[in-house]
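We did not get these values from a lab; they are worked out from the coordinates using the rules stated. What you are looking at is a predicted structure, and each value in this text was computed from that prediction instead of being measured. Here the Cβ positions follow ideal geometry from the backbone for every residue, glycine too, while neighbour counts run over all protein chains shown.
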Amino acid sequence: MTKEVNTMYDVIVIGAGPSGMFAALTAAKQGKNVLLIEKNEDVGKKMRITGGGRCNITNFKDTNEFISSLPTRNGRFLYSSLNNFNPYDIYYFFESIGVPLKIEPDDKVFPVSDQSMDFIHALKKEMNTHHVTIKCNTEVLNLKLMEDHKRVITKQEIYDTKNLVIATGGKSYPHTGSSGQGHEFGIKANHTLTELFPTETPLISNDPIIASKRLQGLSFKEVQLSLLNQDNQIVKSHLHDLIFTHFGLSGPAALKLSQFVYHHLQEHRVAHVALDVLPNETNLSIIDEIKSRRQESPNKKIKNVLSNLSQSRYLEFLYEHLTINQEQKIANMSNNQIDDFVQAIKGLVINIHDVRPIKNAFVTGGGISLDEINPKTMESKLIPGLYFIGEVLDLHGYTGGYNMTIALSTGYTAGISIQ
Ligand SMILES: Cc1cc2nc3c(=O)[nH]c(=O)nc-3n(C[C@H](O)[C@H](O)[C@H](O)COP(=O)(O)OP(=O)(O)OC[C@H]3O[C@@H](n4cnc5c(N)ncnc54)[C@H](O)[C@@H]3O)c2cc1C
């Protein structure tokens, strides 16, 4: 039997991820009576596993740089919210509540302790100080959106509120609680849900290069991975680390490219990606270098002369792939073989047939359409008093602290905007 709770809250927030916790805390600091509802046994279940358990909380950039680093034009929606609360504010906020931070390469911000739980403990403590009521183990099943107030129906109880914030996340890693219920609530409220797609997800290949498992486990630092079009021209490139897995490619370069590969695969059976393991050298400079080594030490073996160009396991694979006998003297390596070798080391083409699905992706692309949300407040343009924040929206960033920033900044903006 569902019980009605006779309190009219100023704000109810559904979902205690980073966006929901931050909206709840910010609204409570404005003097609002706030209820935060979470279906898991505790808050921040996904946040706990982010950044490999370290949580990359933000990317230390100013607003313009941050927005220009996002993969889609939708990022412009964030100008107002980042104006309210940007990566620098995130940094100083967490330091001020007792979580010392450090900035790692690529402007990634982590806690000095390398423990994501520190953020969660600190946020819980702050919410407690500011009297946010937190109800865990409570799943919101339905909503009734009336003109003067909103009704939130859970299995156990019914709650009434003047303002309702939907902070239920996307559909990635559903075991953490983000299972797409917020999208359904949005649709029922006449909001448009844009196409959902996996982003920041590994690439799957049936190519013999992968199927042979020759390269499984091999990892590279700072290589360039590019998506090619039908004319073998580069459509999109990312320079980052990469790892060969048993099913394809993973690591930041593959994850960053994945949304473009996904969209390519919507129209084509296969996507060609090219791997350049020497991105700072031109083809010509490597060809010249090999030829001059050939002239200087003609009697040395190919494998010895070229050994410094990449990892031996990768070079051995390339020789086999190109049927070059690495044991022969470099003097016997023809100009054509040198060209083929350099072509491969600067652009080994791997056929990609799929990407891991949304449930395995780090982030969900698509969501509640931004056209129907006021970017200054996060309030629905269709239903006053209804707000959407975080990954439930049609907003996403690359890995690197961008998604947590989107969650915190939109959460803050809703929190200060609620009247
Ligand atoms: C493995 C992994 C690592 C990541 N690492 C990083 C990183 O280091 N840095 C970064 O910036 N981003 C990272 N991300 C992305 C980031 O975690 C998300 O973008 C972010 O958590 C989104 O926050 P959110 O508050 O919108 O939603 P979520 O964190 O998904 O929280 C939504 C909450 O709503 C609750 N909920 C849903 N439906 C209901 C309902 N009906 N009733 C009650 N509660 C409900 C869920 O249980 C959940 O707790 C990572 C993602 C993954 C999967």
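Placing unit charges on the Cβ atoms only, positive for Lys and Arg and negative for Asp and Glu, gives segment 312-419 a dipole magnitude near 220 debye about its Cα centre. Build a GNM of the chain with springs between Cα atoms under 10 Å: which of I358, I210, I234 gets the top mean-square fluctuation? The residue that fluctuates most here is I234. As a length-normalised measure over Cα pairs under 8 Å and 6 or more apart, the relative contact order of segment 202-356 settles at 31 percent.
Which entries of K135/K162; K150/K359; K291/K329; K29/K125 show an alpha-carbon separation above 20 angstrom in the structure shown? Beyond 20 Å between Cα atoms: K150/K359. Think of each Lys and Arg Cβ as +1 and each Asp and Glu Cβ as -1; about the Cα centre, that makes the dipole of segment 149-289 roughly 880 debye.
The separation of segment 170-186 from segment 213-266, counted between C-alpha centres, amounts to 27 Å. Under 19 Å from a point 7 Å along the Cα-to-Cβ line of H121: which residues of segment 72-99 have their amide N that close? Hits in segment 72-99 for H121 at 19 Å: 93-99. Taking every DSSP bridge with both residues inside the chain, close to 70 percent are antiparallel. Highest average first, the peptides 19-27, 384-392, 87-95, 323-331 ordered by how many other beta carbon atoms sit within 10 Å of their residues are 19-27, 384-392, 87-95, 323-331.
Less than 5 angstrom separates the built amide H of T138 from those of E38, K39, N40, all sequence-distant by 5 or more or on a different chain. Among rounded, prolate and oblate, which fits segment 61-155 when a ≥ b ≥ c are the square roots of the eigenvalues of its C-alpha gyration tensor, a/c under 1.5 means rounded, and a/b larger than b/c means prolate? Oblate, since a/c reaches 1.5 and b/c is not below a/b. Remark: segment 202-356 is approximated by an ellipsoid whose semi-axes, taken from the C-alpha gyration tensor as √(5λ), come to 30, 15, 13 Å, largest first.
Look at the dipole of segment 280-418 built from charges on Cβ: of L386, Q295, S334, the Cα furthest out on the positive end belongs to Q295. Computed from label points 7 Å out along Cα-Cβ, the spacing between R73 and T282 is 3.4 nm. Taken about its Cα centre, the chain carries a charge dipole of about 580 debye when Lys and Arg each add +1 at the Cβ and Asp and Glu each add -1 at the Cβ. A Cα-only calculation for the chain places Rg and Dmax at 25.4, 90 Å. As I understand it, the dipole of the chain uses +1 on the Cβ of Lys and Arg and -1 on the Cβ of Asp and Glu, about the Cα centre. Which of I120, A27, T63 lies farthest toward its positive end? Going by the charge dipole, the pick is I120. How much mean residue ellipticity at 222 nm does the chain get from its helices, if each DSSP H run of length 4 or more adds -39500 (n - 2.57) and you divide by all residues, to the nearest 500 deg cm²/dmol? The per-residue figure over the chain is -10000 deg cm²/dmol. Between the alpha-carbon centres of segment 32-97 and segment 187-202 there is a gap of 19 Å.
Segment 1-23 and segment 371-419 have Cα centres lying 17 Å from one another.
Positive-end ranking of T7, F85, L101 along the dipole of segment 1-127, with charges on Cβ about the Cα centre, is headed by T7. Relative contact order for segment 148-213: what percent, with Cα pairs under 8 Å and sequence separation of 6 or more? Normalised by residue count, the contact order of segment 148-213 is 16 percent.
Hey, what did the chain get for relative contact order, percent, Cα under 8 Å, at least 6 apart?
Numbers: 943 pairs, mean separation 101.8, N = 419.
Contact order relative to length: 24 percent.
Here K236 is the anchor, and the aspartates and glutamates within straight C-alpha reach of less than 20 Å, apart from those fewer than 8 places off in the same chain, are E65, D106, E200, E222, E267, D276, E281, D354. Site pair Q311 and K221 shows an inter-label distance of 1.2 nm when each label is modelled 7 Å from Cα along Cα→Cβ.
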